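Asks: I have a structure I would like to understand better, so I am pasting it below and will then ask my questions one at a time.
The values are calculated or read from the model by the stated rules, or taken from the named source; none is laboratory data. Note that this is a predicted model, so its numbers are computed, not measured. Virtual Cβ from ideal backbone geometry, glycine too; neighbours counted across all protein chains shown.
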Amino acid sequence: VLNEFASGVGRLAAGLANVYFVGERGGPWAVVDTSTKGEFEAIRAAAEKRYGADARPEAILLTHGHPDHSGSALALAVYWNVPVYIHKRELPYVTGRAEYPPPDPTVGGFLGMAVRFVNTEQPDLTGYVNPLPDDGTVPGLPGWTWVHSPGHAPGNVTFWREEGRIALVGDALATVDLDDFNQLIVQAPRLSRPPAPTTVDWLAARKSILRIAALEPLALGAGHGVPIVGNLLGTDLTMFGEDFIIPLKGRYVSDPVRFNENGIEYLPPIVPDPLPKRAAGIGLAALGVGLGVYLWRKKRAVQGKHDGAST
Ligand SMILES: [Zn+2]
Ligand SMILES: [Zn+2]
(Lines give C-alpha, C1' and ligand atoms only; values in the text may rest on other atoms or scores of the structure.)
(Ligands and ions follow the chains in the order given, each with its own letter.)
Protein backbone atom coordinates (compact mmCIF):
# COMPACT_ATOMS: atom_id res chain seq x y z
CA VAL A 1 0.00 0.00 0.00
CA LEU A 2 1.44 3.30 -1.13
CA ASN A 3 0.99 6.21 1.21
CA GLU A 4 1.43 9.82 0.14
CA PHE A 5 2.89 11.42 3.26
CA ALA A 6 4.03 14.68 1.64
CA SER A 7 3.08 16.43 -1.58
CA GLY A 8 4.47 14.40 -4.47
CA VAL A 9 6.14 11.78 -2.28
CA GLY A 10 4.71 8.32 -1.74
CA ARG A 11 6.06 5.62 0.55
CA LEU A 12 5.97 1.89 0.07
CA ALA A 13 6.89 -0.26 3.06
CA ALA A 14 8.62 -3.05 1.15
CA GLY A 15 9.79 -5.77 3.48
CA LEU A 16 12.50 -4.50 5.81
CA ALA A 17 12.84 -0.99 4.46
CA ASN A 18 10.95 1.89 2.87
CA VAL A 19 10.89 2.76 -0.80
CA TYR A 20 9.90 6.31 -1.80
CA PHE A 21 8.29 7.35 -5.06
CA VAL A 22 9.11 10.97 -5.73
CA GLY A 23 7.21 12.99 -8.35
CA GLU A 24 3.66 13.31 -9.61
CA ARG A 25 2.00 11.17 -12.23
CA GLY A 26 2.72 12.63 -15.67
CA GLY A 27 5.87 14.45 -14.54
CA PRO A 28 9.44 13.32 -13.97
CA TRP A 29 9.74 10.87 -11.10
CA ALA A 30 12.36 8.78 -9.35
CA VAL A 31 12.58 5.91 -6.91
CA VAL A 32 14.50 6.50 -3.68
CA ASP A 33 15.89 3.23 -2.27
CA THR A 34 14.90 -0.25 -3.35
CA SER A 35 14.72 -2.35 -0.16
CA THR A 36 16.15 -5.86 -0.13
CA LYS A 37 16.67 -8.26 -3.00
CA GLY A 38 13.31 -9.82 -3.82
CA GLU A 39 11.19 -6.66 -3.57
CA PHE A 40 11.44 -6.01 -7.31
CA GLU A 41 7.88 -7.04 -8.12
CA ALA A 42 6.32 -5.11 -5.21
CA ILE A 43 8.18 -1.95 -6.25
CA ARG A 44 7.47 -2.39 -9.96
CA ALA A 45 3.76 -2.94 -9.30
CA ALA A 46 3.53 0.07 -6.98
CA ALA A 47 5.27 2.24 -9.57
CA GLU A 48 2.90 1.07 -12.28
CA LYS A 49 -0.11 1.84 -10.12
CA ARG A 50 1.16 5.31 -9.27
CA TYR A 51 2.57 6.40 -12.63
CA GLY A 52 0.90 4.18 -15.23
CA ALA A 53 1.79 1.05 -17.17
CA ASP A 54 4.53 2.40 -19.45
CA ALA A 55 5.94 4.98 -17.06
CA ARG A 56 9.69 4.92 -16.45
CA PRO A 57 11.52 6.83 -13.75
CA GLU A 58 14.33 9.24 -14.55
CA ALA A 59 16.60 7.47 -12.12
CA ILE A 60 16.93 5.20 -9.13
CA LEU A 61 18.43 7.11 -6.20
CA LEU A 62 20.05 5.36 -3.26
CA THR A 63 20.48 7.01 0.15
CA HIS A 64 23.34 4.56 0.71
CA GLY A 65 24.40 1.13 -0.45
CA HIS A 66 23.46 -1.24 2.40
CA PRO A 67 21.69 -4.31 0.99
CA ASP A 68 18.35 -3.39 2.61
CA HIS A 69 18.35 -0.23 0.42
CA SER A 70 20.15 -1.37 -2.71
CA GLY A 71 18.93 -4.98 -2.86
CA SER A 72 16.42 -4.59 -5.73
CA ALA A 73 18.24 -1.74 -7.49
CA LEU A 74 19.85 -3.87 -10.18
CA ALA A 75 16.65 -5.69 -11.16
CA LEU A 76 14.78 -2.37 -11.39
CA ALA A 77 17.59 -0.61 -13.27
CA VAL A 78 17.66 -3.43 -15.82
CA TYR A 79 13.87 -3.52 -16.14
CA TRP A 80 13.49 0.23 -16.68
CA ASN A 81 16.93 0.71 -18.23
CA VAL A 82 17.66 3.73 -16.05
CA PRO A 83 20.76 4.88 -14.16
CA VAL A 84 21.30 4.47 -10.42
CA TYR A 85 22.85 7.28 -8.38
CA ILE A 86 24.63 7.07 -5.05
CA HIS A 87 27.15 9.18 -3.12
CA LYS A 88 30.69 8.60 -4.41
CA ARG A 89 31.80 7.31 -0.98
CA GLU A 90 29.34 4.42 -1.36
CA LEU A 91 30.46 3.42 -4.86
CA PRO A 92 33.12 0.86 -3.85
CA TYR A 93 30.54 -1.22 -1.95
CA VAL A 94 27.98 -1.42 -4.76
CA THR A 95 30.49 -2.19 -7.50
CA GLY A 96 32.18 -5.21 -5.93
CA ARG A 97 35.37 -3.27 -5.17
CA ALA A 98 35.09 -3.24 -1.36
CA GLU A 99 33.05 -4.58 1.50
CA TYR A 100 31.30 -2.61 4.21
CA PRO A 101 32.62 -2.96 7.75
CA PRO A 102 31.07 -6.08 9.27
CA PRO A 103 27.91 -5.39 11.34
CA ASP A 104 28.63 -5.22 15.05
CA PRO A 105 26.51 -7.66 17.07
CA THR A 106 28.04 -6.45 20.35
CA VAL A 107 26.34 -3.03 20.20
CA GLY A 108 23.21 -4.55 21.76
CA GLY A 109 19.50 -4.05 21.11
CA PHE A 110 17.21 -6.21 19.03
CA LEU A 111 19.01 -5.52 15.76
CA GLY A 112 22.32 -6.29 17.40
CA MET A 113 20.98 -9.76 17.98
CA ALA A 114 19.16 -10.17 14.67
CA VAL A 115 22.12 -9.00 12.61
CA ARG A 116 23.93 -12.21 13.45
CA PHE A 117 21.60 -13.89 10.95
CA VAL A 118 21.04 -11.22 8.33
CA ASN A 119 22.23 -11.78 4.80
CA THR A 120 24.73 -9.03 4.04
CA GLU A 121 25.37 -9.94 0.40
CA GLN A 122 26.12 -6.77 -1.56
CA PRO A 123 24.68 -6.20 -5.02
CA ASP A 124 27.03 -5.28 -7.87
CA LEU A 125 25.55 -2.35 -9.79
CA THR A 126 28.51 -1.91 -12.14
CA GLY A 127 27.35 -0.51 -15.46
CA TYR A 128 24.30 1.18 -13.96
CA VAL A 129 25.56 3.10 -10.95
CA ASN A 130 26.98 6.64 -11.05
CA PRO A 131 28.08 9.11 -8.41
CA LEU A 132 25.66 11.88 -7.44
CA PRO A 133 26.81 15.19 -8.98
CA ASP A 134 29.19 17.21 -6.78
CA ASP A 135 27.03 20.34 -7.11
CA GLY A 136 24.32 18.84 -4.90
CA THR A 137 21.68 18.50 -7.62
CA VAL A 138 19.70 15.30 -7.97
CA PRO A 139 19.52 13.84 -11.51
CA GLY A 140 15.95 13.60 -12.75
CA LEU A 141 14.42 15.51 -9.85
CA PRO A 142 14.42 19.27 -10.34
CA GLY A 143 13.89 21.11 -7.05
CA TRP A 144 15.69 18.44 -5.04
CA THR A 145 19.21 18.51 -3.63
CA TRP A 146 21.25 15.99 -1.69
CA VAL A 147 22.95 16.63 1.65
CA HIS A 148 25.81 14.42 2.84
CA SER A 149 24.76 12.85 6.16
CA PRO A 150 27.38 10.23 7.03
CA GLY A 151 27.98 8.30 10.23
CA HIS A 152 25.74 5.32 9.66
CA ALA A 153 27.41 4.79 6.29
CA PRO A 154 30.27 6.85 4.81
CA GLY A 155 28.12 8.21 1.99
CA ASN A 156 24.62 8.27 3.44
CA VAL A 157 22.75 11.18 1.90
CA THR A 158 19.53 13.02 2.65
CA PHE A 159 17.41 13.96 -0.34
CA TRP A 160 15.89 17.37 0.33
CA ARG A 161 13.19 19.45 -1.30
CA GLU A 162 12.88 23.03 -0.11
CA GLU A 163 9.31 23.23 -1.36
CA GLY A 164 7.32 21.55 1.39
CA ARG A 165 10.59 21.05 3.35
CA ILE A 166 10.76 17.31 2.75
CA ALA A 167 13.74 15.21 3.89
CA LEU A 168 14.37 11.61 2.86
CA VAL A 169 17.18 10.73 5.23
CA GLY A 170 18.03 7.11 4.51
CA ASP A 171 19.57 5.63 7.66
CA ALA A 172 20.89 8.93 9.08
CA LEU A 173 18.22 8.21 11.66
CA ALA A 174 15.14 6.00 11.88
CA THR A 175 11.52 6.82 12.71
CA VAL A 176 10.99 3.59 14.62
CA ASP A 177 12.93 2.34 17.62
CA LEU A 178 14.86 -0.47 15.96
CA ASP A 179 16.33 -1.55 19.26
CA ASP A 180 12.96 -2.42 20.75
CA PHE A 181 11.27 -5.47 19.29
CA ASN A 182 7.82 -4.34 20.45
CA GLN A 183 8.22 -0.99 18.72
CA LEU A 184 9.19 -2.78 15.53
CA ILE A 185 5.80 -4.49 15.59
CA VAL A 186 3.75 -1.48 16.64
CA GLN A 187 5.70 0.90 14.34
CA ALA A 188 4.81 3.97 16.42
CA PRO A 189 6.56 6.91 14.68
CA ARG A 190 9.38 8.15 16.84
CA LEU A 191 12.72 9.84 16.14
CA SER A 192 15.24 7.08 16.77
CA ARG A 193 18.90 6.41 16.30
CA PRO A 194 20.15 4.84 13.05
CA PRO A 195 20.34 1.04 12.80
CA ALA A 196 23.01 0.44 15.45
CA PRO A 197 24.99 -2.62 14.28
CA THR A 198 25.82 -1.00 10.93
CA THR A 199 26.50 2.50 12.25
CA VAL A 200 30.25 2.90 12.13
CA ASP A 201 30.86 6.48 13.29
CA TRP A 202 28.54 7.68 16.04
CA LEU A 203 29.82 11.24 16.40
CA ALA A 204 29.41 11.77 12.67
CA ALA A 205 25.92 10.26 12.92
CA ARG A 206 25.01 12.78 15.61
CA LYS A 207 26.38 15.67 13.53
CA SER A 208 24.35 14.49 10.56
CA ILE A 209 21.15 14.48 12.61
CA LEU A 210 21.84 18.08 13.67
CA ARG A 211 22.57 18.99 10.05
CA ILE A 212 19.19 17.59 9.01
CA ALA A 213 17.52 19.36 11.97
CA ALA A 214 19.01 22.67 10.78
CA LEU A 215 17.12 22.26 7.50
CA GLU A 216 13.93 22.50 9.61
CA PRO A 217 12.03 19.81 7.75
CA LEU A 218 8.24 19.59 7.88
CA ALA A 219 8.18 16.01 6.63
CA LEU A 220 10.78 13.32 7.23
CA GLY A 221 10.92 9.89 5.65
CA ALA A 222 13.60 7.51 6.86
CA GLY A 223 14.70 4.13 5.62
CA HIS A 224 12.94 2.42 8.51
CA GLY A 225 9.68 3.43 10.20
CA VAL A 226 6.59 5.45 9.37
CA PRO A 227 7.37 9.02 8.14
CA ILE A 228 6.93 11.90 10.57
CA VAL A 229 5.19 15.12 9.53
CA GLY A 230 4.61 18.30 11.51
CA ASN A 231 5.53 21.88 12.36
CA LEU A 232 7.53 20.87 15.44
CA LEU A 233 9.65 18.35 13.58
CA GLY A 234 12.69 20.66 13.24
CA THR A 235 12.63 21.48 16.95
CA ASP A 236 12.10 17.84 17.92
CA LEU A 237 14.94 16.81 15.65
CA THR A 238 17.31 19.39 17.17
CA MET A 239 16.44 18.15 20.66
CA PHE A 240 16.89 14.57 19.53
CA GLY A 241 20.28 15.39 18.00
CA GLU A 242 21.45 17.25 21.10
CA ASP A 243 20.32 14.48 23.47
CA PHE A 244 21.41 11.79 21.04
CA ILE A 245 22.41 8.75 23.02
CA ILE A 246 25.44 6.96 21.71
CA PRO A 247 25.52 3.27 22.70
CA LEU A 248 27.61 2.45 25.76
CA LYS A 249 29.42 -0.42 24.17
CA GLY A 250 30.18 -1.73 20.73
CA ARG A 251 33.03 -2.16 18.29
CA TYR A 252 32.60 1.18 16.52
CA VAL A 253 31.37 3.29 19.44
CA SER A 254 34.60 4.83 20.70
CA ASP A 255 36.72 3.83 17.72
CA PRO A 256 35.05 4.77 14.43
CA VAL A 257 35.81 3.20 11.08
CA ARG A 258 37.75 5.48 8.75
CA PHE A 259 37.14 5.40 5.02
CA ASN A 260 38.81 6.61 1.87
CA GLU A 261 37.55 6.64 -1.71
CA ASN A 262 38.52 2.97 -2.20
CA GLY A 263 36.88 1.56 0.91
CA ILE A 264 37.94 1.02 4.49
CA GLU A 265 41.13 2.75 5.62
CA TYR A 266 40.96 1.71 9.27
CA LEU A 267 38.81 -1.00 10.87
CA PRO A 268 38.68 -1.18 14.68
CA PRO A 269 39.59 -4.58 16.14
CA ILE A 270 36.87 -7.12 16.87
CA VAL A 271 35.53 -6.98 20.40
CA PRO A 272 34.51 -10.32 21.96
CA ASP A 273 30.86 -11.21 21.34
CA PRO A 274 29.44 -12.14 24.76
CA LEU A 275 26.46 -13.90 23.22
CA PRO A 276 27.29 -16.94 21.13
CA LYS A 277 25.24 -17.64 18.00
CA ARG A 278 23.27 -20.50 19.51
CA ALA A 279 22.00 -18.49 22.44
CA ALA A 280 21.02 -15.66 20.12
CA GLY A 281 19.20 -18.17 17.92
CA ILE A 282 17.13 -19.41 20.84
CA GLY A 283 16.31 -15.80 21.69
CA LEU A 284 15.23 -15.08 18.14
CA ALA A 285 13.07 -18.21 18.01
CA ALA A 286 11.32 -17.09 21.20
CA LEU A 287 10.70 -13.66 19.66
CA GLY A 288 9.29 -15.33 16.56
CA VAL A 289 6.76 -17.23 18.66
CA GLY A 290 5.90 -14.00 20.44
CA LEU A 291 5.34 -12.24 17.13
CA GLY A 292 3.07 -15.03 15.90
CA VAL A 293 0.93 -14.83 19.02
CA TYR A 294 0.79 -11.03 18.77
CA LEU A 295 -0.33 -11.03 15.13
CA TRP A 296 -2.91 -13.71 15.81
CA ARG A 297 -4.34 -11.69 18.69
CA LYS A 298 -4.33 -8.51 16.60
CA LYS A 299 -6.19 -10.26 13.79
CA ARG A 300 -8.78 -11.50 16.25
CA ALA A 301 -9.13 -8.03 17.73
CA VAL A 302 -9.65 -6.49 14.27
CA GLN A 303 -12.22 -9.15 13.39
CA GLY A 304 -13.95 -8.46 16.68
CA LYS A 305 -14.12 -4.75 15.86
CA HIS A 306 -15.62 -5.44 12.44
CA ASP A 307 -18.19 -7.74 13.99
CA GLY A 308 -19.05 -5.06 16.50
CA ALA A 309 -19.40 -2.37 13.83
CA SER A 310 -21.80 -4.42 11.73
CA THR A 311 -24.30 -4.97 14.51
ZN1 LIG B 1 21.96 1.23 6.39
ZN1 LIG C 1 18.64 0.34 6.48
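Asks: Scan segment 193-214 residue by residue and report those that are assigned to a loop (DSSP other than H, G, I, E, B), out of contact with any Leu (no Cβ under 8 Å at 6 or more places or on another chain) and not acidic (Asp, Glu). Break it down stepwise before answering.
Replies: Step one: list which residues in segment 193-214 are assigned to a loop (DSSP other than H, G, I, E, B), which gives 193-195, 199-201.
Checking the rest, the ones that are also out of contact with any Leu (no Cβ under 8 Å at 6 or more places or on another chain) come to 199-201.
Answer for segment 193-214, where residues must be assigned to a loop (DSSP other than H, G, I, E, B), out of contact with any Leu (no Cβ under 8 Å at 6 or more places or on another chain) and not acidic (Asp, Glu): 199, 200.
Asks: Moving on to the next point. Restricting attention to segment 166-190, and to residues there that are in contact with a strand residue (DSSP E or B) (Cβ under 7 Å, 6 or more places away or on another chain), in a loop (DSSP other than H, G, I, E, B) and more than 19 Å from residue 87 (Cα to Cα), which single residue is farthest from ligand 2 (Cβ to nearest atom)?
Replies: For segment 166-190, the residue satisfying everything is 189.
Asks: Name every residue in segment 211-237 that is closer than 14 Å to residue 192 by Cα and under 18 Å from the mean Cα position of the chain (by Cα), in order of residue number.
Replies: Of everything in segment 211-237, those that are closer than 14 Å to residue 192 by Cα and under 18 Å from the mean Cα position of the chain (by Cα) turn out to be 212, 213, 220, 221, 222, 223, 224, 225, 226, 227, 228, 237.
Asks: Which residue is nearest to residue 226 (Cα to Cα), if the candidates are limited to segment 16-35 and must be free of Cβ contacts under 8 Å to residues at least 40 places away in the same chain and within 16 Å of ligand 1 (Cβ to nearest atom)?
Replies: 19
Asks: Please report, ordered by residue number, the strands (runs of 3 or more DSSP E) entirely within segment 119-161 with at least 1 residues that are within 16 Å of ligand 2 (Cβ to nearest atom) and under 24 Å from residue 101 (Cα atoms).
Replies: On the way: elements: 129-131, 144-148, 157-161.
By residue number, 157-161.
Asks: Tally time: how many residues in segment 163-188 are β-branched (Val, Ile, Thr) and more than 16 Å from ligand 1 (Cβ to nearest atom)?
Replies: Number of matching residues: 3.
Asks: Whether any residue in segment 218-229 is over 20 Å from residue 4 (Cα atoms), among the aliphatic types (A, V, I, L, M) and crowded, with 16+ Cβ neighbours inside 10 Å is what I want to check.
Replies: No, every residue in segment 218-229 fails to be over 20 Å from residue 4 (Cα atoms), among the aliphatic types (A, V, I, L, M) and crowded, with 16+ Cβ neighbours inside 10 Å.
Asks: Identify the single condition in (1) modelled with pLDDT of 95 or more; (2) farther than 14 Å from residue 147 by Cβ; (3) surrounded by fewer than 20 Cβ atoms within 10 Å (Cβ to Cβ) that residue 214 does not satisfy, given that it satisfies every other one.
Replies: Going through (1) modelled with pLDDT of 95 or more; (2) farther than 14 Å from residue 147 by Cβ; (3) surrounded by fewer than 20 Cβ atoms within 10 Å (Cβ to Cβ) one by one, residue 214 breaks only (2).
Asks: When you go through (1) more than 16 Å from ligand 1 (Cβ to nearest atom); (2) closer than 21 Å to residue 90 by Cα; (3) part of a loop (DSSP other than H, G, I, E, B); (4) touching a helix residue (DSSP H, G or I) at 6+ places or on another chain (Cβ under 7 Å) one by one for residue 217, which number turns out not to apply?
Replies: Going through the list (1) more than 16 Å from ligand 1 (Cβ to nearest atom); (2) closer than 21 Å to residue 90 by Cα; (3) part of a loop (DSSP other than H, G, I, E, B); (4) touching a helix residue (DSSP H, G or I) at 6+ places or on another chain (Cβ under 7 Å), residue 217 breaks only (2).
Asks: What are the pairs with Cβ atoms under 8 angstrom where one residue, in segment 168-192, is on the phi > 0 side of the Ramachandran plot and the other, located anywhere, is in a loop (DSSP other than H, G, I, E, B) and surrounded by fewer than 20 Cβ atoms within 10 Å (Cβ to Cβ)? Sequence gap at least six, or different chains.
Replies: Listed pairs, sorted by first residue: 187/226.
Asks: Follow-up. Looking at 95, 63, can you tell me which residue is within 13 Å of ligand 2 (Cβ to nearest atom) and not hydrophobic (A, V, I, L, M, F, W, C)?
Replies: The unique qualifying residue is 63.
Asks: Scan segment 220-236 residue by residue and report those that are in a loop (DSSP other than H, G, I, E, B) and either hydrophobic (A, V, I, L, M, F, W, C) or closer than 15 Å to residue 110 by Cβ (or both).
Replies: Hits for segment 220-236 are 224, 225, 226, 232.
Okay, residues lined up against (1) modelled with pLDDT of 90 or more; (2) within 16 Å of the chain's Cα centre (by Cα); (3) aliphatic (A, V, I, L, M):
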position	(1), (2), (3)
87	yes, yes, no
90	yes, yes, no
109	no, no, no
116	no, no, no
121	no, no, no
139	yes, no, no
142	yes, no, no
153	yes, yes, yes
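Asks: Do we have residue 70 as among the polar types (S, T, N, Q) and in contact with a helix residue (DSSP H, G or I) (Cβ under 6 Å, 6 or more places away or on another chain) here?
Replies: Yes.
Asks: Still on this structure, please answer the following. Quick one: is residue 135 out of contact with any Phe, Trp or Tyr (no Cβ under 7 Å at 6 or more places or on another chain), away from ligand 1 (no atom under 16 Å from the Cβ) and among the charged types (D, E, K, R)?
Replies: yes
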